[in-house]
Amino acid sequence: MFWIYQILHLLVLLSLIVTALAVVRFKDLISAAISLGASSLLLSLEFYLLRAPDVAIAEAAVGAALTTAIYIFAIKSTEREEGYK
Amino acid sequence: MNWKMSRVVTTIADVLVAPIAIFGIYLILHGHLTPGGGFQGGAVVASSTALLIIAHGAFGEHKKDLSSLESTGLTLFILLALFGLGYTMFYNYLAGTGTLFGAEVPSGINPGYINTGGTVTLMNIAVGMEVIAALSLILWMMAKRSGSMDLETSRSEVEE
């Protein structure tokens, strides 16, 4: 039964890397903020797999929900596209 | 700034707000038994507020309400700590007395009883009030100050 956890860890960590790269690569800042929320949700899943449910709840609530909302409000006040004019 | 998203978004948000808020209140009230507690439950309730604000815009005028709720939570926390000062700060003077949250904790394996915990439960409630109010106030102020850029093309702009 132990190898199931190994494969789950591997899948979660690989998708964490993919979403973290997507945050850097996106030119659309709303997409980058949503991608950061997905990365944070995967990080909270990893905390849960490492048997820290308390940290996982805090990470899911603060990282995935609240900071995404705050980033979206900040992007609404500025430009949506990343660029140098 | 006041805005409103499309009807699909507002309906889904209205349906989902109540379960998220109730789950957060569950996390606060069961903080001494299960994972979670004042901060985590308060953050979950504040995320339901974030859903409501993103869907419906920064409606109303809530700065006074949220500020007073935050002050109430902090004052409750400090008073709770100071009432135990005959022994130490945060002495658990309610545990095992049979009064509010003061039932005897049975020994051995048990499913966990919510009527235990003493001042820890009350502290979780105070911290939960403070965190709910503070995070909601941050979100509401940022939404109030933010501009009206086009997030969606189907979004119908509502002027203030």
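Listed by chain and number, the lysines whose C-alpha is less than 29 Å from the C-alpha of A:Lys27, apart from same-chain residues fewer than 8 away, are A:Lys76, A:Lys85, B:Lys4, B:Lys144. Karplus-based coupling profile of the stretch B:32-48, in residue order and whole Hz: 8, 10, 10, x, x, x, x, 5, 5, x, x, 5, 5, 5, 5, 5, 5, with θ = phi - 60° in 6.51 cos²θ - 1.76 cosθ + 1.60 and x standing for Gly or Pro. Per-residue 3J(HN,Hα) values for the stretch B:58-72, derived from phi via the Karplus relation 6.51 cos²θ - 1.76 cosθ + 1.60 with θ = phi - 60°, read 7, 7, x, 10, 10, 5, 5, 4, 5, 5, 6, 5, 5, 5, 4 Hz in sequence order (x marks Gly and Pro). Taking every alpha-carbon pair in chain B and binning the separations at 10 Å intervals from zero gives 11, 30, 28, 17, 10, 4, 0 percent.
Placing R0 at 35 angstrom, the Cβ-Cβ distance between B:Asn115 and B:Ser67 gives a FRET efficiency of 0.60 after rounding to 0.05. Rg of the Cα atoms in the stretch A:2-77, relative to 2.2 N^0.38 Å, amounts to 1.18.
At q = 0.07, 0.09, 0.16 Å⁻¹ the log10 of I(q)/I(0) for the protein assembly as shown amounts to -0.31, -0.50, -1.20, computed by Debye summation with a single uniform scatterer per C-alpha, solvent ignored. Extension gain, B:Phe83-B:Leu100: 0.36 nm per intervening residue step, less the Cα-Cα distance, totals 4.6 nm.
We did not get these values from a lab; they are worked out from the coordinates using the rules stated. Fair warning: this is a prediction, and the values are worked out from it, not measured in the lab. Note that each Cβ is placed from the backbone with ideal geometry, even for glycine, and that neighbours are counted across all protein chains shown.
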